[in-house]
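So the structure is just underneath, and the comments pick up after that.
The values are calculated or read from the model by the stated rules, or taken from the named source; none is laboratory data. This structure is a prediction, so every number in the text was calculated from the model and none was measured. Don't worry about glycine lacking a Cβ; one is built from the backbone with ideal geometry, like all the others, and counts go over all protein chains shown. Surface areas here come from the heavy atoms of the whole protein model, side chains and all, with no ligands, DNA or RNA. Shrake-Rupley method; radii C 1.70, N 1.55, O 1.52, S 1.80 Å.
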Amino acid sequence: HVSRLVDVFFPPICCCCGGRLMSHERHVCTNCLASWPKTTYPSVGDNALARLFWGVMPICSATAVYVYNPGDILASTIHAMKYGHDASLCHFAGRLMAADPLCASLLSTADVLVPIPLTENRQKERGYNQSRELCVGIATVFHLDICETLLARKSFSKSQTRLTAMERQENVRGTFSLISAEGVRGKHIVLVDDIITTGATMRECLLQLRDIPDIRISILAFAKTEG
């Protein structure tokens with residue numbers, strides 16, 4: 001009853017358009033959700049995202065659900081996921097990822113979800129790691145373990161937004177370290193991030209993991225920039 005009263009005086013609104021949500025809607029209204037541009041990858045083995053990592057180390061598969069374009073309606077949601085202090089929005093996004101057919105096929109053979117880590121200071125600033133909270137949402141559907149003891153982020157590089165692909169890679173060089181490979185040897189792990197642009201951050205993580213025996217790695221993102 002209390003929650004109903006709260007909804008009357010403080011009705012939940014869509015984080016994209018600001019309109020009032022219907023009783024069956026959560027975080028994003030149906031119209032906005034339908035307008036988010038989806039990727040059209042033919043498979044999880046060969047697509048625009050997977051090709052970013054060819055030559056770094058063999059990966060099993062890779063996919064992203066949505067196409068990211070700065071300034072569009074989806075971009076505002078990703079900004080809210082990072083800075084909105086609402087982990088439940090990330091959980092919602094994670095469940096959307098799990099419901100995507102290509103993501104589901106990738107996750108069906110996975111053993112462990114590994115979120116891309118933040119530095120301790122950045123995580124305190126945001127209140128949570130949005131990649132980890134995406135994993136929480138995915139895990140509610142696929143019941144996979146989440147491993148946060150594999151990688152650490154030693155330093156936070158400056159914003160990647162205005163950097164070229166080469167500058168992005170240099171910007172993140174050496175920012176990650178391997179903590180412990182216990183629990184992932186012989187496993188199929190899925191590295192999870194909210195958005196991938198050039199793949200520089202993810203490549204730096206892969207370099208830390210390439211010497212772990214019998215590891216299989218896939219990559220999953222909520223969104224990938226166009227191109």
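A few comments on the model shown:
- Note on region 49-67: residues that are more than 15 Å from the chain's Cα centre (by Cα), surrounded by fewer than 19 Cβ atoms within 10 Å (Cβ to Cβ) and among the aliphatic types (A, V, I, L, M) total 2.
- Ser157 satisfies every condition listed in (1) open to solvent by less than 30 Å² (accessible area, probe 1.4 Å); (2) within 25 Å of Asp46 (Cα to Cα); (3) modelled with pLDDT under 90 except (2).
- The set of residues from region 14-37 being open to solvent by 100 Å² or more (accessible area, probe 1.4 Å) and without any contact (Cβ under 8 Å) to a residue 12 or more places away in the chain comprises Arg20, Met22, Ser23, His24.
- Qualifying residues in region 100-125 (those that are over 20 Å from Gly84 (Cβ atoms) and assigned to a helix (DSSP H, G or I)) - the one most open to solvent (accessible area, probe 1.4 Å): Glu120
- Listed conditions (1) touching a residue at least 12 places away in the same chain (Cβ under 8 Å); (2) out of contact with any helix residue (DSSP H, G or I) (no Cβ under 9 Å at 6 or more places or on another chain) are all met by Cys103, apart from (2).
- Criterion (farther than 23 Å from Phe92 by Cβ and at pLDDT below 90) met by exactly one of Leu150, Leu163, Leu178: Leu163
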